[in-house]
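Encoded as structure tokens, the structure appears first; notes follow it.
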Amino acid sequence: MKKLLILLFAFVSLLGLNSCSSDDDVVFIAQPDVEGINFINSFNDTYVLTPATSSNIAERFVWNTVDFDVPTNITYELQASTSADFSSFDVIASTGDNNLAVKVSQLITLANDAGLDNDAETEAPNTGQVYFRVKAFAGNDGGNALNTTSEVKSITVVMPEAAVEGEPAKRELYMVGDATAAGWSNDNNNTPLFRDPANENIYYFTGRFKGGADVEGFKLLENKGAWQPQWGLDGESFTSSDLLGEDPTAFPVAADAYYSFMVNLDDMTYTWAEYDASAEATYGSIGIIGDATSGGWDEDTDMTQSEFDAHIWYIQDVELGNGEMKFRVDNDWAVSWGTGSAISGQALDGANIPVSAGTYTIWFNDITKRYIFIPTATE
């Protein structure tokens, strides 16, 4: 009986050893991810690149997580090129996460490599495409066979040039948000604020804002097509993303109504008050006229009336010469406005507005009579 127990114990032990040996022989066979890899973030129509915003994030590239069905880490490599075929490319960075931020400065470097510049005196273009893709691979060796690469994504970049010789570029502030005509699009003919002609850091706007409990409000952007820098609130204080280190919150709008809004970038203050526009005249047409315009002093160039606010008028990409101009109603001199201030001002004294040759987008507010000329290349 004793010998039988010893033999039984030996047999069980042998089975256990054989089982351990079988576990050690398990092999993990890595497989490519059948879903592949692709960017999943939304991209802007254009990316405006300026030295002043070079430290800002231009875009955060986000992609889906890859599964190679193997117990090892996955490395993602964001690659950029000046050619769609990626015959040569730079690695922006590698990460184990599924996103990477790309700064304006990195896009400027790519744009320069693509032959773009912001010098109006050269023949080099200031607008073009650069290209991105993301590669995923198992482990840390990008040369191994287990990898997958996304389709190529092209993005359009713009390096603004000075459109008017001798006229330094000025900061613009555009409204964005569901309380405004543009909605939450940063490149949708966004309405600008009107810059004070005597103090370039003070801006005004009087007009309609959509409001209510289901409306988030609005923010201010410096460059159309770019989310940074942006201006808004930190609690009740006026601030910017550069000062705050993150995106500010929106200015709230309590009700759909007309408001007067002013921001002062010198002392970082703002004012906001409801405005009664019920007695304001509504015009059928407003145009520009003068020897700086294509029609001279004989024929108006009509402006477009905002569908969101009947008191806001604009004209896009209009070529002007050296000279003067005014705004007038219904192609007639019965009602006209002007003043002696170039680029921006308040047309209340009837003088002619001086103009330097260039291509502009012009905005006019028939309530306040404020206007602003924005050189097209700096939008």
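Tabulated values for the structure
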{"read-out": "Nonlocal amide H pairs with Ala351, under 5 Å, H built at 1.01 Å", "value": "Gly338, Thr339, Gly340"}
{"read-out": "For the range 327-343, 3J(HN,Hα) per residue [Karplus equation, 6.51 cos²θ - 1.76 cosθ + 1.60, θ = phi - 60°, Hz, x = Gly/Pro]", "value": "9, 8, 9, 6, 6, 8, 8, 4, 10, 8, 9, x, 6, x, 10, 7, 6"}
{"read-out": "Spatially close lysines, pair count over the chain: Cα under 30 Å, gap of eight or more or interchain", "value": "20"}
{"read-out": "Positive-end residue, the range 167-308 charge dipole about Cα centroid, Cβ charges, pick of Met262, Ala182, Gly295", "value": "Ala182"}
{"read-out": "Ser83/Thr304 FRET efficiency (R0 51 Å; Cβ-Cβ; nearest 0.05)", "value": "0.85"}
{"read-out": "Length gained when the stretch Asp266-Tyr283 is fully extended (0.36 nm per residue, less Cα-Cα span)", "value": "2.6 nm"}
{"read-out": "Length added when fully stretched, Asp45-Asp332, from 0.36 nm per residue minus Cα-Cα", "value": "99.4 nm"}
{"read-out": "Magnitude of the charge dipole, the chain, Cβ model with Lys/Arg +1 and Asp/Glu -1, debye to 20", "value": "1340"}
{"read-out": "Vicinal HN-Hα couplings computed from phi for the range 349-365 (Karplus, 6.51 cos²θ - 1.76 cosθ + 1.60; Hz; Gly/Pro x)", "value": "9, x, 5, 7, 7, x, 10, 9, 4, x, 10, 9, 9, 10, 10, 9, 10"}
{"read-out": "Degrees, to the nearest 10: 104-113 long Cα axis against longest axis of the chain", "value": "90"}
{"read-out": "Lys, Arg +1 and Asp, Glu -1 on Cβ, resulting dipole of the range 184-273 about Cα centre, debye, nearest 20", "value": "380"}
{"read-out": "Selection from Ser42, Trp227, Thr304 lying farthest towards where the dipole of the chain points positive, charges on Cβ", "value": "Ser42"}
{"read-out": "With 10 Å bins from 0: P(r) over the range 182-311, alpha-carbon pairs, percent", "value": "11, 34, 35, 15, 5, 0"}
{"read-out": "Answer label, with Kirkwood radius over Cα pairs in Å calculated from the coordinates and candidates [x] 22.6; [y] 20.8; [z] 24.7", "value": "[z]"}
{"read-out": "Using alpha-carbon coordinates, inclination of helix 2-24 to the longest axis of the chain, degrees", "value": "30"}
{"read-out": "Stretch gain in nm, segment Asp234-Ser154, where the contour uses 0.36 nm per residue and the Cα spacing is subtracted", "value": "25.3 nm"}
{"read-out": "Formal net charge of residues neighbouring Lys103 (Cβ-Cβ distance under 15 Å; K, R +1; D, E -1)", "value": "-2"}
{"read-out": "Mean-position separation - Cα centroids, the range 335-379 and the range 237-272, in angstrom", "value": "25"}
{"read-out": "Nonlocal amide H pairs with Ser344, under 5 Å, H built at 1.01 Å", "value": "Phe373"}
{"read-out": "Size of charge dipole - the range 243-379 - debye, nearest 20, with Cβ of Lys, Arg +1 and Asp, Glu -1, no other charges", "value": "300"}
{"read-out": "Amide N of the range 264-302 lying under 15 Å from the label point, which is placed 7 angstrom from the Cα of Leu243 along Cα→Cβ", "value": "264-271"}
{"read-out": "Sequence-distant residues sharing a close amide H with Met303 (under 5 Å, placed H)", "value": "Ile286, Gly287, Ile288"}
{"read-out": "Cα convex hull volume per residue for the range 45-140 (Å³)", "value": "106"}
{"read-out": "Label-point separation, Ser55 to Asn201 (7 Å along Cα→Cβ), nm", "value": "1.7"}
{"read-out": "Measure of compaction for the range 280-364 (Cα Rg per 2.2 N^0.38 Å)", "value": "1.00"}
{"read-out": "Integer Hz, Karplus 6.51/-1.76/1.60 couplings in order for the range 275-284, x for Gly and Pro", "value": "10, 8, 9, 5, 8, 6, 5, 10, 9, x"}
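Values quoted throughout were computed directly from the atomic coordinates according to the rules given, and no laboratory measurement underlies them. Keep in mind the model is a prediction, meaning the values are calculated, not measured. Note: ideal-geometry Cβ built from the backbone for every residue, glycine included; neighbour counts use all protein chains shown.
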